[in-house]
Amino acid sequence: MNKENYDYLKDQIFYAGFGNKLHEALQSKISRGKKEFQLHFQGIVSGQTVSAELQFSQSRKTEHYFFNSYTLEIPADSKQGPRKFYVNGRERFTLKEAYNLMCGRSVHKQFTNMNGEPYRAWCQLDTKEMDIQGQYRMSKFYESNGYDLEKQLERFPIREISDPDSRKRVLESLKRGNRQLVTFDLSSGPEKLYVEALPRFKAVCIYNGKGIRQEFIDDRQHVQRNGAKLQEQQRQIQVRRSGHKPGKP
């Protein structure tokens with residue numbers, strides 16, 4: 001076994017977000033000398049069980065192996081099946097970033113174009129359009145589109161934004177596609193809520209601890225309009241089942 005190649009792959013797996021638990025299996029697979037092999041991963045990301053199959057292949061010219069891609073699956077997600085993410089291409093995502101993408105959130109990354117020139121863009125899976133592999137197409141929102149995450153956050157009374165270090169941590173977390181917990185200083189007192197970047201609409205989404213979207217009516221207070229809509233829908237269903245028209249006895 002080529003130890004240098006093993007160490008390189010081991011580091012590559014670690015920095016892709018899969019930790020150290022696959023090292024023994026990697027060593028065993030390399031020692032067998034097959035042209036291709038897979039490693040199977042199962043773990044917890046943001047409280048959810050995920051599984052992945054990591055794909056490796058040997059160079060046609062040397063004994064060296066390459067970590068080519070991984071196929072990620074969130075078993076509890078019934079909206080989409082497994083999705084492949086490439087490791088050595090121009091568009092690379094860590095396990096956590098890939099998970100966030102599959103949860104419908106946006107990730108801000110630096111990429112390279114066909115000429116090797118770097119650029120940055122927000123990425124999000126488009127659930128209305130499929131690619132030739134039958135997977136949700138990846139949409140990109142470039143910096144030229146004018147989305148300014150910091151300015152969007154400044155619209156709200158978020159305590160962490162006033163401190164430079166906390167602001168930096170919040171921005172970095174949101175750019176990785178996380179739904180970030182922050183403190184809103186409201187007229188009724190401080191409240192913990194989650195924020196999420198939404199570059200498609202040049203905005204941010206705000207959620208409570210139960211995952212219900214919040215809509216603010218000004219910068220000091222908010223209303224749970226979505227919750228009110230749900231209650232009204234449930235009331236209408238009960239009315240239809242009873243055979244009465246709304247407003248009629």
- Item | Heavy atoms of Thr112 accessible to a 1.4 Å probe, total area in Å² rounded to 10 | 50
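Taking 0.36 nm per residue of sequence separation and subtracting the Cα-Cα distance, how much length would be gained by fully extending the chain between Glu63 and Gln48, in nm to one decimal?
On the way: separation 15, 0.36 × 15 = 5.40 nm, distance 3.71 nm.
Here the answer is 1.7 nm.
Got a number for carbon plus sulfur as a percent of the range 25-167's accessible area, 1.4 Å probe? Can you show the working numbers first?
On the way: 3680 of 8350 Å².
That fraction is 44 percent.
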- Helix 164-175 sits at what angle to the longest principal axis of the chain, using alpha carbons and giving 0 to 90 degrees rounded to 10? 70
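Roll a 1.4 Å probe over the protein chains and send me the accessible area per residue for the range 23-99 in Å².
On the way: 4550 Å² over 77 residues.
Averaged over the residues of the range 23-99, the accessible area is 59 Å².
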- Note on the structure: Flagged as over-length at 18 Å C-alpha distance, from Lys29/Lys84; Lys140/Lys202; Lys3/Lys34; Lys96/Lys192; Lys34/Lys61, the pairs are Lys29/Lys84; Lys96/Lys192
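Restricting attention to the range 1-102, which trypsin sites (Lys or Arg not before Pro) occupy a DSSP loop and are surrounded by at most 14 other Cβ atoms within 10 Å?
Values: sites: Lys3, Lys10, Lys21, Lys29, Arg32, Lys34, Lys35, Arg60, Lys61, Lys79, Arg83, Lys84, Arg90, Arg92, Lys96; in loops: Lys21, Lys34, Lys35, Arg60, Lys61, Lys79, Arg90, Arg92.
Those satisfying the criteria are Lys21, Lys34, Lys35, Arg60, Lys61, Lys79, Arg90.
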- Note on the structure: For Ser144, the accessible surface traced by a 1.4 Å probe with all protein chains present amounts, in square angstrom to the nearest 10, to 110
- Note on the structure: Computed for the range 104-173: size of charge dipole around the Cα centre, +1 on C-beta of each Lys and Arg, -1 on C-beta of each Asp and Glu, debye to nearest 20, value 140
- Message: Rounded to the nearest 10 Å², what accessible area does His40 have for a 1.4 Å probe in the complete protein model?
- Response: 130
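Using the heavy atoms of the protein chains alone and a 1.4 angstrom probe, what is the accessible area of the range 158-203 per residue in square angstrom?
On the way: 2450 Å² over 46 residues.
It amounts to 53 Å² per residue over the range 158-203.
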- Mind checking which of Ile74, Val45, Leu149 is farthest towards the positive end of the chain's charge dipole, using Cβ charges of +1 (Lys, Arg) and -1 (Asp, Glu) about the Cα centre? Ile74
- Note on the structure: If exposed means GluC sites (Glu not before Pro) lying in a DSSP loop and surrounded by at most 16 other beta carbons within 10 Å, then the longest stretch of the chain lacking such sites spans residues 155-249
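Compute the length gained on full extension between Glu191 and Tyr86: take 0.36 nm times their separation in residues and subtract their Cα-Cα distance, giving the result in nm to one decimal.
Working: separation 105, 0.36 × 105 = 37.80 nm, distance 3.95 nm.
Full extension from Glu191 to Tyr86 adds 33.8 nm.
The values are calculated or read from the model by the stated rules, or taken from the named source; none is laboratory data. This structure is a prediction, so every number in the text was calculated from the model and none was measured. Virtual Cβ from ideal backbone geometry, glycine too; neighbours counted across all protein chains shown. Side chains are part of the model used for accessible areas, which takes the heavy atoms of the whole protein and leaves out ligands, DNA and RNA. Shrake-Rupley method; radii C 1.70, N 1.55, O 1.52, S 1.80 Å.
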